[in-house]
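Undergrad: Pasting a structure below so you can have a look.
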Amino acid sequence: IELVFLNGDEWCCGFPLLISGMKQEAEKYIRHNILKIKDVMKETGAKDLVLTCPACYRIFHCEYRKFIQQDLPFNVFHSTQYLAQLITEGRIQLGELNSRVTYHDPCDLGRNSGIYEEPRYIIRSIPGIDFVELPNNQERAYCCGSGGVLLMNNREMSVEISAKRVEEILETKADFLVTACPSCIRGLT
């Protein structure tokens, strides 16, 4: 697997601007990103864009098409989709981890993008894992409290929501909490 990075030429996906109603500003970011990604892919022969942020994935996968009014000239994957594919193909071997693990479904990856199975497949593929589901999971998962601009706009509510989710996580007695979203990591930490 050869990885190529944009090395600082990528801009924000535009999500914060879009949810703030600043569509013209977001479009500048969107067009810039598409152009830079196309340039890098032309230079390197890469065909897939892999994103680690669920909001970025959703924006690239769904919203970008609306702005350019055509399909993207590259494949868009969330990192969990890509890793699950590599595990399935036998291109990645996972080491043993004798631990109890639970998984938090990020809103943008789960409810907003429909990606539930790939993260669980990755976790279950790790030898020695005792995977325990949270009572409220997949489309019924509680929010981490950090998504969108809630943390910036209403810190008190954000912390309250996070605390509720953390209580549920602690009840699993898991050694590790896994999530596939940097915002959820911040909110739940």
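The values are calculated or read from the model by the stated rules, or taken from the named source; none is laboratory data. Worth saying up front: this structure is predicted, and the values here are computed from it rather than measured. Here the Cβ is made from the backbone with ideal geometry for all residues, glycine too, and neighbour counts use every protein chain on show. Keep in mind that these areas ignore ligands, DNA and RNA; they rest on the heavy atoms of the full protein, side chains included. Shrake-Rupley method; radii C 1.70, N 1.55, O 1.52, S 1.80 Å.
Undergrad: Cβ contacts < 9 Å: first residue among the polar types (S, T, N, Q), restricted to segment 31-55; second residue surrounded by fewer than 16 Cβ atoms within 10 Å (Cβ to Cβ) and part of a helix (DSSP H, G or I), any location; separation 6+ or different chain. Result?
TA: Taking only residues 6 or more apart or on different chains, the pairs are 52/182.
Undergrad: Under 9 Å between Cβ atoms, at least 6 apart or on separate chains: pull out the pairs that start in segment 11-28 with a residue that is closer than 11 Å to residue 148 by Cα and end on any residue that is among the basic types (Lys, Arg).
TA: As it stands, the answer is 15/58; 17/23; 17/28, since those pairs meet every condition given.
Undergrad: Evaluate segment 117-131: report whether one residue or more is within 30 Å of residue 20 (Cβ to Cβ), touching a Pro at 6+ places or on another chain (Cβ under 7 Å) and either part of a helix (DSSP H, G or I) or among the aromatic types (Phe, Trp, Tyr) (or both).
TA: No, the conditions are met nowhere in segment 117-131.
Undergrad: Of the conditions (1) open to solvent by less than 50 Å² (accessible area, probe 1.4 Å); (2) closer than 24 Å to residue 18 by Cβ; (3) not in a loop (DSSP other than H, G, I, E, B), residue 152 satisfies every one except a single condition; which number is it?
TA: The single condition residue 152 does not satisfy is (1).
Listed here are the residues, each with its yes/no results for (1) within 12 Å of the chain's Cα centre (by Cα); (2) of a type in the set (Gly, Ala, Ser).
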{"residue": "147", "(1), (2)": "yes, yes"}
{"residue": "154", "(1), (2)": "no, no"}
{"residue": "172", "(1), (2)": "no, no"}
{"residue": "182", "(1), (2)": "yes, no"}
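Undergrad: Also, quick follow-up: Is segment 99-110 home to any residue that is within 27 Å of residue 141 (Cα to Cα), part of a helix (DSSP H, G or I), open to solvent by less than 70 Å² (accessible area, probe 1.4 Å) and at pLDDT 95 or above?
TA: no
Undergrad: Only one of these is open to solvent by 40 Å² or more (accessible area, probe 1.4 Å) and within 19 Å of residue 169 (Cα to Cα): 91, 140. Name it.
TA: Of the residues listed, the single one that is open to solvent by 40 Å² or more (accessible area, probe 1.4 Å) and within 19 Å of residue 169 (Cα to Cα) is 140.
Undergrad: Select from segment 111-137 the residues that are out of contact with any helix residue (DSSP H, G or I) (no Cβ under 6 Å at 6 or more places or on another chain), within 23 Å of residue 170 (Cβ to Cβ) and of a type outside the set (A, V, I, L, M, F, W, C) and list them in ascending order.
TA: Answer for segment 111-137, where residues must be out of contact with any helix residue (DSSP H, G or I) (no Cβ under 6 Å at 6 or more places or on another chain), within 23 Å of residue 170 (Cβ to Cβ) and of a type outside the set (A, V, I, L, M, F, W, C): 120, 124, 128, 130, 133, 135, 136, 137.
Undergrad: Considering (1) open to solvent by 40 Å² or more (accessible area, probe 1.4 Å); (2) in contact (Cβ under 8 Å) with a residue 24 or more places away in the chain; (3) more than 22 Å from residue 58 (Cβ to Cβ), say which one residue 118 fails and leave the rest.
TA: (3)
Undergrad: Looking at the structure I just gave you, is residue 82 farther than 21 Å from residue 128 by Cβ, assigned to a helix (DSSP H, G or I) and in contact with a Leu (Cβ under 7 Å, 6 or more places away or on another chain)?
TA: Criteria not met by residue 82.
Undergrad: Just the residues that are open to solvent by 70 Å² or more (accessible area, probe 1.4 Å), within 14 Å of residue 75 (Cα to Cα) and assigned to a loop (DSSP other than H, G, I, E, B), please, taken from segment 1-50.
TA: Selection gives 47 alone.
Undergrad: From the residues in segment 51-88 that are modelled with pLDDT of 90 or more and hydroxyl-bearing (Ser, Thr, Tyr), which one is surrounded by the most Cβ atoms within 10 Å (Cβ to Cβ)?
TA: Once the filter is applied, the top-ranked residue is 57.
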